[in-house]
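Okay, structure first, notes after.
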Amino acid sequence: MKTVRFISYKVAASLPLDKIAAFLKTNMKFKWNEYILVTGDQLDAILKYHSEEKAVYLFKYGCISFVNFMDKEIYSFLKYLESITSKMNYNLMPKYHESHNIIIDENLNCSLWENTAIKVDYDKNIDHVVSIVLARSTQMSFFETQLNTMLDNAEKFVILLQKGRLLTFTKKSYTIMLKF
């Protein structure tokens, strides 16, 4: 039996994929799901040892998915990435992350989620799909938090407007009113 460990973190508002791709001398996929896949020799050079069955997916919206990485390796990779780009926002990582494990049996079959009897043939494409799904889920969690904060502030603003107290949020009030 073998376990494939996935973990996705939100590390920045966005990642400059063009700059990273140029530095790593790799091709970037230009589609709706813009990302860079770092594996093989590139990953070996970053971690400074042979890293078989490990992969990193870097997404333009600031999420990174790690496949079969330990915590120390994640930290090393982020420090390396930080030398290419700008500072990472390490405060986002504890709040916005998703993880998943897939257990592969001797026959190369796996269950995609826990407590299910349905088995599928394991393929590297599963790693690809799970990495994208976890990154998107992490990003959606980030958006949800931001949206809740905005809605809370909007509610407070509307209550103050109903009471006739516009002076409390003068700078915010003016910027909001100028948009209309």
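The values are calculated or read from the model by the stated rules, or taken from the named source; none is laboratory data. Nothing here was measured: the structure is a model prediction, and the numbers come from that model. As a convention, Cβ positions derive from the backbone with ideal geometry for all residues, glycine included, and neighbour counts pool all protein chains shown. In case anyone asks, the SASA skips ligands and DNA or RNA and just uses the protein heavy atoms, side chains included. Shrake-Rupley method; radii C 1.70, N 1.55, O 1.52, S 1.80 Å.
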(request) Using only Cα atoms, tell me the angle between helix 124-163 and the longest principal axis of the chain; keep it within 0 to 90° and round to the nearest 10. (result) 10
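I want to verify the translational diffusion coefficient of the chain in µm²/s; compute it with Stokes-Einstein, Rh as the Kirkwood radius over Cα pairs, at 25 °C and 0.890 mPa s.
Values: Rh = 18.8 Å.
Answer, rounded: 131 µm²/s.
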(request) Would you mind working out the magnitude of the charge dipole of region 72-135 relative to its Cα centre, with +1 at each Lys and Arg C-beta and -1 at each Asp and Glu C-beta, to the nearest 20 Debye? (result) 440
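Could you look at the chain and say what percent of its accessible area is carbon and sulfur, using a 1.4 Å probe and all protein chains?
Working: 6720 of 11620 Å².
Accessible surface attributable to carbon and sulfur in the chain totals 58 percent.
Might you tell me the accessible area per residue for the chain, computed with a 1.4 Å probe and given in Å²? Mind dumping the intermediate values first?
Values: 11620 Å² over 180 residues.
Normalised by residue count, the accessible surface of the chain is 65 Å².
Within the chain, what's the longest run with no trypsin sites (Lys or Arg not before Pro) in a DSSP loop and at most 14 other beta-carbon atoms within 10 Å? Give the range, please. Could you put the intermediate results ahead of the total?
Details: sites that count: LYS25, LYS31, LYS48, LYS87, LYS119, ARG165.
Of all site-free stretches, the longest is 120-164.
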(request) Report the relative contact order of the chain, percent, no decimals, based on alpha-carbon pairs under 8 angstrom and at least 6 residues apart. (result) 28
(request) Apply the Debye scattering formula to region 29-81, with a single equal point scatterer on each alpha-carbon and no solvent, then give log10 I(q)/I(0) at q = 0.23 Å⁻¹. (result) -0.87
(message) Between GLN146, GLN162, GLN42, where does the largest GNM mean-square fluctuation fall for the chain, given springs only between Cα atoms within less than 10 Å?
(response) GLN162
(request) Sum -39500 (n - 2.57) across every DSSP H segment of at least 4 residues in the chain, then divide by the residue count to get the 222 nm mean residue ellipticity, nearest 500. (result) -15000 deg cm²/dmol
(message) Please report the projected area of region 63-147's Cα convex hull averaged over all directions, in nm².
(response) 7.3
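Based on DSSP loop calls and a cut-off of at most 12 other Cβ atoms within 10 Å, the longest stretch of the chain free of exposed GluC sites (Glu not before Pro) is what?
Working: sites that count: GLU52, GLU53, GLU106, GLU114.
The answer is 115-180.
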